[in-house]
Each structure stands twice: as C-alpha cells, then as structure tokens.
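S.K.: Have a look at this one before I ask anything.
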Amino acid sequence: MADFIEEELTGSKFERVRLNDSRFERVLLDGARFRAVSMANAQFRGVDLTGAVLRGVELVDVEIYGEIERVTVNGIDIGPLVQAELDRRYPDRVKMRPTDPAGFREAWDTVERLWAGTVDRARRLDPRLLHESVNEEWSFIETLRHLVFATDAWIRRAVLGDPSPWDPLDLPWDEMPDTPGVPRDRTVRPSLDTVLALRRDRMSTVREVIDGLTDESLDSHTKPVEGPGWPPAQSFPVRECLLVILNEEWEHRLYAERDLAILEARS
C-alpha cells in the first residue's frame, strides 16, 4: 500500500477510491469536502471539527466524547441539552464552574474526594491492569501521569512561573508536538504508589494556590514564562488556568471510572 509522509497534496481529488483502514495522523484537511463517503466504523481522536457542516448524514450507534458547544442537529442546538443532562447525572459537576475563591475551594475539595474513591477502586484491581489500555485510551497510570503534566503546565508553569516544572513521568496529550525539555515517555511502567506520590505533591500545590486565592488574585493575570514548554509564553487569566485544571481533573476521572468498569468486567 502507498504511504504519503510529508507530502503536499493540497487540492487533490479522490473519487471512487478505496481508503478502507487507512490511517491519518497530523493531517490537515481544512476546507476538505466529503460527498457520498462511507466512514462506517471510523475512529476520530484529537480531531478539530470547528465549523464543520454535515448534511444528509447517518449518525447511528455513534459515541462522541469532547467539547460540545453550538452544535446544531436538525436545527436544535444540542450543547445546552447535553450540559443540562450531565449536570443532572453528576450533581457535583456544577461545582466545577466556580466564580469566587470560596467556590474554587469547594470545587477542589470535591476533586480530592472523588479521586480518592476512584483510586480506592483502582487498588482493588490486579496492578497489571492499571497499565492496560481500554479502547486505545490511556491506561489508569497514564491518566494520572497526564494530570501531573496538566498541573505542571497550568499551575507550576503558568501561575507560579516555573519555566521548566516537568517531572520525567509527565505525560502530555498525544497530539502535542515534541517539545524540548518536556518528557513524554510512553514506555515506562511506574507503580501506582510511585505515581500517586507524585500526584499528591502536585495536588498539594494546587491546594496551596487555591487556599491562598483572593478576589484580587483570582481576577489577575499570569506573567509570561519564557522558554519551551506548555502553555506558550504569554499571559493568562489566573481564573482560566484554574478552570482548566478543574476541567482536566473532572473529565479524566470520568474517563478513568468508565475504563475501570471495563477492566473490572474483564477480571
């Protein structure tokens, strides 16, 4: 089969072509048009569909996990419907949208409480299963490592100003380009206790920042941090940085719970 790597194919036309089981990674399809195309059983991960228009489509037995805002299906914006249903299913979810220092402290209390239960659930499994991927998603251990990275990025780097806060076990998201100085070793297999010790350290840092919040500091902006890394060297609202962390903690715990249920069934 043909391989197209580092090719410039802008404006190409594919008609009556079989691309079954093809793999597209880091491919730009901005402005592409698909007509009478079968994508049955296709998988999309880390895909930007902003501004996409789908007409005459069949969406049957489809699973979508991601940010859903201003998505219109048959003339109805389903974003608010999805958000309302998620809030109904998970009453603590509304706490992840705090507006003042007290609200952020309550939100972090909730994060700590919920993750404690998830970790207890994981401990009941064979430790080897905690390194096992479910449906090509991160393993439980990798999920914890990614949350360490998120804290290093948005709290220790952006808020606290450390230009290189990374631990060797940090794990950026898969689509992030390789960045000098930022680790992303997918081959290591640290124990749960090793990763939890690192997590406790990072979570205590978030706790210190949130406990020290005032109305003034919450409404302030960070100072740009120079040097390679994530986020880029620019100023961010402190509020935004903290909301990013709350969202990361909330969503990845739900993913972890989903996958733990599958691992429990297997064992």
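S.K.: Please enumerate the residues belonging to the range 64-79 that are over 20 Å from TYR255 (Cβ atoms) and exposed (fewer than 13 other Cβ atoms within 10 Å of the Cβ).
M.R.: Within the range 64-79, ARG70, THR72, VAL73, ASN74, GLY75, ILE76 meet the criteria.
S.K.: Another one. Which of the residues spanning the range 221-235 are assigned to a loop (DSSP other than H, G, I, E, B) and farther than 18 Å from VAL182 by Cβ?
M.R.: Our first condition is that a residue be assigned to a loop (DSSP other than H, G, I, E, B); within the range 221-235, this holds for 222-235.
Listed by number, the residues that qualify are THR222, LYS223, SER235.
S.K.: Okay, next question. Which residue pairs have Cβ atoms closer than 7 Å, lie 6 or more positions apart in sequence or on different chains, and pair a first residue in the range 30-49 that is in contact (Cβ under 8 Å) with a residue 60 or more places away in the chain and part of a loop (DSSP other than H, G, I, E, B) with a second residue that is surrounded by 10 or more Cβ atoms within 10 Å (Cβ to Cβ) and not β-branched (Val, Ile, Thr)?
M.R.: GLY46/ASP174; GLY46/GLU175
S.K.: Select, from ASP167, ASP201, ASP193, ASP178, the only residue that is loosely packed, with under 13 Cβ neighbours inside 10 Å and assigned to a loop (DSSP other than H, G, I, E, B).
M.R.: Details: ASP167 fails: loosely packed, with under 13 Cβ neighbours inside 10 Å; ASP201 fails: assigned to a loop (DSSP other than H, G, I, E, B); ASP193 fails: assigned to a loop (DSSP other than H, G, I, E, B).
Selected residue: ASP178, the only one of ASP167, ASP201, ASP193, ASP178 that is loosely packed, with under 13 Cβ neighbours inside 10 Å and assigned to a loop (DSSP other than H, G, I, E, B).
S.K.: Has the range 122-134 got at least one residue that is surrounded by 14 or more Cβ atoms within 10 Å (Cβ to Cβ), over 18 Å from ASN247 (Cβ atoms), of a type in the set (D, E, K, R) and over 16 Å from the mean Cα position of the chain (by Cα)?
M.R.: yes
S.K.: Related question: Would you please name the residue that is nearest to HIS252 (Cα to Cα), looking only at residues in the range 117-146 that are touching a His at 6+ places or on another chain (Cβ under 6 Å) and assigned to a helix (DSSP H, G or I)?
M.R.: Initially, the range 117-146 is screened for residues touching a His at 6+ places or on another chain (Cβ under 6 Å), giving 139, 141, 143.
Retained after the next criterion (residues that are assigned to a helix (DSSP H, G or I)): 141, 143.
Details: ILE141: 12, THR143: 7 Å.
Among them, the one singled out is THR143.
S.K.: Another one. Taking the criterion of being within 21 Å of GLU137 (Cβ to Cβ) and either out of contact with any His (no Cβ under 6 Å at 6 or more places or on another chain) or part of a helix (DSSP H, G or I) (or both), would at least one residue in the range 213-220 satisfy it?
M.R.: Among the residues of the range 213-220, not one is within 21 Å of GLU137 (Cβ to Cβ) and either out of contact with any His (no Cβ under 6 Å at 6 or more places or on another chain) or part of a helix (DSSP H, G or I) (or both), which makes the answer no.
S.K.: Taking GLU106 as the residue in question, decide whether it is surrounded by 10 or more Cβ atoms within 10 Å (Cβ to Cβ), part of a loop (DSSP other than H, G, I, E, B) and either modelled with pLDDT of 95 or more or among the charged types (D, E, K, R) (or both). Show your work before the answer.
M.R.: Working: surrounded by 10 or more Cβ atoms within 10 Å (Cβ to Cβ): yes; part of a loop (DSSP other than H, G, I, E, B): no; either modelled with pLDDT of 95 or more or among the charged types (D, E, K, R) (or both): yes.
Against the criterion (surrounded by 10 or more Cβ atoms within 10 Å (Cβ to Cβ), part of a loop (DSSP other than H, G, I, E, B) and either modelled with pLDDT of 95 or more or among the charged types (D, E, K, R) (or both)), GLU106 does not qualify.
S.K.: Return yes or no: is ARG89 exposed (fewer than 15 other Cβ atoms within 10 Å of the Cβ), basic (Lys, Arg) and in contact with a strand residue (DSSP E or B) (Cβ under 7 Å, 6 or more places away or on another chain)? Outline the logic, then answer.
M.R.: Numbers: exposed (fewer than 15 other Cβ atoms within 10 Å of the Cβ): yes; basic (Lys, Arg): yes; in contact with a strand residue (DSSP E or B) (Cβ under 7 Å, 6 or more places away or on another chain): no.
So ARG89 fails the test.
S.K.: What pairs can you find where one residue is in the range 139-161 and touching a residue at least 24 places away in the same chain (Cβ under 8 Å) and closer than 30 Å to PRO127 by Cα, the other is among the acidic types (Asp, Glu) and part of a helix (DSSP H, G or I), and their Cβ atoms are less than 6 Å apart, with a gap of 6+ or different chains?
M.R.: Close Cβ pairs satisfying both conditions: ALA150/GLU248.
The values are calculated or read from the model by the stated rules, or taken from the named source; none is laboratory data. Source: prediction; values computed, not measured. A quick note on method: Cβ atoms are made from the backbone with ideal geometry, for glycine too, and the neighbour counts reach across all protein chains shown.
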